[in-house]
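Every number in this text was worked out from the coordinates using simple rules, so none of it is lab data. Bear in mind that the values here come from a model prediction, so they are computed numbers and not experimental data. Every residue, glycine among them, receives a Cβ derived from its backbone with ideal geometry; neighbour counts consider all protein chains shown.
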Amino acid sequence: MEAAFGPSDVSSTPLSLKNLLLGVPLTPVRVSTEQYARSCGEVLSLELYRPVAALKPSPLVVVVHGGSWQSGSRLELDPLSRYLAARGYAVASVDYGLAPRSIFPGPVEDLRDALTFLRRRSPELSLDPNRVILLGRSAGAQIALSAAHDPEPFPGLKGVVSFYGPNDLFLAWRVPGPKRMIDSRRLLRQYLGGSPAEEPERYERASPLLAAGKRSPPTLMIHGGRDEMVWPLHEYRLSSKLKAAGVPHFFLNMPWATHGCDYNFNGPCGQLSTYAVERFLGFALAR
């Protein structure tokens, strides 16, 4: 990480036996629920985590949940949001329209609406809308990466974090997950309106790997080698493309880890990924 992002002033350690046994300490933060838009007739909300006291506007981390594009909630996995808010970041964990009622690019448009809402209310919420990081998990990582590579740039975007996300949906169709765990092709049909043969342009727009290049933002990728639901080849290929383009990036590759390994925030994957995220935020938001 030092080779990728330079020296760091992060005081935490990558892995603590004490935290593994007793849990990562979490200090109090301010939490509020904000309604930011409507999608497919439903109200969309975000959970906003902020420091208890901030002397200046806080940089913003926008979290996009997973759930195969058809399920999930902004309330999932909030320990990382609380951890980051306690360290001076504002974290907005967003809901978005779910498939099959909302198909791509609907969730990306919802994410843009959330950022527009937060930018508009930034003075009263003490947010810095010009220092934004997108962070997504699984299906949410695909949404975050797609937003980061959208032809219309997202205002204030400084970087993107992908937790075990598919970035090439043509590849996701060709190499689906095991049927006993996930029906990948059914989910892709719901999210993209059909197969690659039926919706080639939509698959292309939803595959940020294809758009990655010199204009890509700094990127952190986190993936486990034992992930059967999303092939780690997605991250290897994106890492190679970003390297060729000279884009700052880091691939935290954990050969023993499975899909969703950070669900145990106190476990090895939870601690290592949190450390990586904190290092990345320090680098990307200082640019």
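Computed from the alpha carbon atoms alone, the convex hull of segment 44-202 holds 104 Å³ per residue.
What do you get for Rg/Rh over the chain if you use C-alpha atoms and the Kirkwood form of Rh? Each step should come with its number before you reach the end.
Numbers: Rg = 17.7 Å, Rh = 18.9 Å.
Using only Cα positions, Rg/Rh for the chain is 0.94.
Can you give the net charge of the other residues whose Cβ lies under 15 Å from the Cβ of GLY72, counting K and R as +1 and D and E as -1? Write out the running numbers ahead of the final one.
On the way: positive: ARG74, ARG101, ARG137; negative: GLU42, GLU47, GLU76, ASP78, ASP95, ASP110, ASP262.
Result for the local shell: -4.
For LYS158, a cut-off of 21 angstrom between C-alpha atoms picks up these lysines, skipping any fewer than 8 places away in its own chain: LYS56, LYS214, LYS241, LYS243.
State log₁₀ I(q)/I(0) for segment 44-98 at q = 0.14, 0.15, 0.24, 0.31 Å⁻¹ as given by the Debye formula over alpha-carbon point scatterers of equal weight, solvent excluded. Normalising to I(0) and taking log10 leaves -0.37, -0.41, -0.86, -1.20.
Starting from the Cα gyration tensor of segment 142-198, multiply each eigenvalue by 5, take the square root, and state the resulting semi-axes largest first in whole Å. Spell out each step's value before the answer.
Details: eigenvalues 130, 39, 14 Å².
Sorted largest first and rounded, they come to 26, 14, 8 Å.
Whole-percent P(r), segment 76-124, all Cα pairs, 5 Å bins from 0: 5, 18, 18, 20, 21, 11, 5, 1. With both residues required to sit in the chain, DSSP beta bridges show an antiparallel share near 30%. Once you reduce segment 231-287 and segment 7-25 to the center of their Cα atoms, the two points are 17 Å from each other. Radius of gyration over Kirkwood radius for segment 133-231, both on Cα atoms: the Rg/Rh ratio is 0.97. Unpaired cysteine residues in the chain (no second Cys Cβ under 4.7 Å): CYS40.
Are there trypsin sites (Lys or Arg not before Pro) in segment 156-200 that DSSP puts in a loop and that have at most 15 other Cβ atoms within 10 Å, and which ones?
LYS179, ARG180
If I require 15 Å or longer along the helix axis, counting alpha carbons, and a Kyte-Doolittle average no lower than -0.5, what helices from the chain are left? Use full DSSP H segments.
Answer set is 106-120, 268-284.
Of the two radii for segment 190-287, the radius of gyration is 1.02 times the Kirkwood radius, both from the alpha carbons; that is the Rg over Rh value.
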